[in-house]
1. Whole-Hz ³J(HN,Hα) for each residue in segment 276-282, computed from phi via Karplus 6.51 cos²θ - 1.76 cosθ + 1.60 with θ = phi - 60°, x for glycine and proline: what do you get?
2. Full-extension gain between D302 and E42, please, as 0.36 nm times their residue separation minus the C-alpha to C-alpha distance.
3. P59: net charge of surrounding residues, Cβ under 13 Å, Lys/Arg +1, Asp/Glu -1, itself excluded?
4. Using R₀ = 30 Å, calculate the FRET efficiency as 1/(1 + (r/R₀)^6) where r is the Cβ-Cβ separation of R320 and E49; round to 0.05.
5. Go ahead and run the numbers for FRET between E532 and E101, Cβ-Cβ distance against an R0 of 22 Å, rounding to 0.05.
6. Over all Cα pairs of the chain, how is the pair count split among 20 Å bins, expressed in % and running from 0 up to the last occupied bin?
7. Excluding S245 itself, what net charge comes from residues whose Cβ is under 14 Å from its Cβ, given Lys and Arg +1 and Asp and Glu -1?
8. At most 10 other C-beta atoms within 10 Å and a DSSP loop state: those are the exposed GluC sites (Glu not before Pro) I care about. Give me the longest piece of the chain that has none.
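The values are calculated or read from the model by the stated rules, or taken from the named source; none is laboratory data. Keep in mind that this is a model prediction, so the values were computed, not measured. Here the Cβ positions follow ideal geometry from the backbone for every residue, glycine too, while neighbour counts run over all protein chains shown. Just so you know, the surface numbers come from the protein's heavy atoms only, side chains and all, with ligands and any DNA or RNA stripped out. Shrake-Rupley method; radii C 1.70, N 1.55, O 1.52, S 1.80 Å.
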Amino acid sequence: MIGIDLGTSTTEAAVLRDGKPVMILNFEGEAVTPSVVGVDGEGKYVFGEQAKAQFLLEPENTVIEMKRKMGTGEMIPMGGRDYTPVELSAMLLAHVKSYAEEFLGEEVSRAVISVPAYFDERRRQETVEAGKRAGFTVERIINEPTAAALSYGIEHMEEESHILVYDLGGGTFDVTLLEMFGGVLEVKASSGDNQLGGKDFDECLVEWLVQQFQARYGINLRKSAAARVKLKEQAERCKKELSASDSCRVVIPFIAEKDGKPLALEETITVRQFEELTRRLVERTHKPIDIVLADSGVRPADIDRILLVGGSTRMPMIARDIETYLHQPPSAAVNPDYAVAEGTAIQAGIMEGTLAGENGIVMTDVNPYTLGVRALNDFGWDCMSVVIPRNVTIPAVREKIYYTSFDGQTEAHIEVYQGDSSKVEENHFLGDFLLSGIPSGRAGKEEIAVEFSYNLNGMLEVRARIVSTGEEAGVEINMLKTELSEEKEKRDVSGWKTAEHAKRFRTVIRRAERRLGHEEACKDSLYYVELEESLYELKLALLEEDLERAEEIEEEILDMLGNK
């Protein structure tokens, strides 16, 4: 079992060896793999540095930062096709699986995968689904700051302290307060911002460069996709350089043209300018810190150690801001790039039983969001009735009693929500179910017991019971069965040969099947996937006697066979 830090910008994997986490090196011998997926000129999928290298020249064939799209339901275009964030994340995880197996010299089929502490139910489930599609049994989803604290805790198990983990990654921000005592690591509270990370600091630089260029030449670079890719690359380089230098010069030799003449972008930005541009982003980290301190009941003066996690914490202004805000300097006790992956490997070791006895460490976690149901109160049906408050230690099981709302009520519609607003419509709908068989009577007579069971992966099961009869109903919150999965459930098309027009299309179907047989070793290629899908659609059209559709697909397949 390995641990994986599936990040917005980069992905890392680790394994426990002799009680210590060891980083797994990829095919290039590096511990860090860019979280980038692309399609090359031959239609094959490429990953990591190779995909990142082609992003500059072929942004339409490359996808970055797909983690930010998790849970949104958005489709992501790449190489002429649309993909879900789950599909792209699964491809990246399958790549991790391949290089992990080569590094370890054995099959790897189980994994612990980290997610931001502030990921909601849907994003967590999509992460699990991506792991499954990649060929892993996902044994545990672990919050990133908790994993980082494990990386620290494995070397400090006798310590008694309050630890604040400040995790600013490429795309997300989390802050978690933990307590360590006698080999126990107890999460007290978590909060965060799923749309705040290093990429937002890059975007501030991009916008500044765009404004400077427009002021000088009157040309809006925002309208050029190619220009934005170049600007993004230079902004990331500039941000890193400003962590070590007082200023950075950005030069892009050809970025636009005016009156038939090429134009270059040349600008110098100072650390002071950059910090002023991004001040509002740094200040956005304060509210989650305040929430965590309030929910845990821990004062800033009671914090013994502040751990910085995530590559974006390398910006010097982050450490200065934390020291000013919490009145103590952060610690450099963990590697910001590796700590989460190391922590996932430690969690894998705990689950495998590798860490036991004197080397044992016990970890508890919390749910970062309030969970509840829609209920009637004096103001109407828009009340969020809390069953499990945020920052309750998990696994947790909580039950709450409700009553029938009107005379003669025989059914109860249970709607489940996640969020911190008292108004249910402002929270995230998770799922619903119907409880039937309530004995008819006056309002308030019958009791309905609603139970929430929240497990260590942040997955939720809800059940409702009529107290007087024991009749039950429930739901496992798994939206992956509906809109989360973009894949259609495929029909059995093996009977296409008996279709009325089968004979007419037999030759093209046989040619396509033979080609797929030759391409068996290249199942990861875009060509293989598209040909396989077109063949399925042709057989389906024949079964449905849709001759016009069958003829259209036949033309597509003939083009594919002729162009290969």
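1. 5, 4, 10, 4, 5, 5, 4
2. 87.8 nm
3. Every neighbour counted, the sum reads 0.
4. Plugging the Cβ-Cβ distance into 1/(1 + (r/R0)^6) gives 0.40.
5. The pair E532/E101 has a calculated efficiency of 0.30.
6. 18, 45, 31, 6, 0
7. Within the 14 Å Cβ shell, the charges total +3.
8. Value returned for the longest uninterrupted segment is 159-482.
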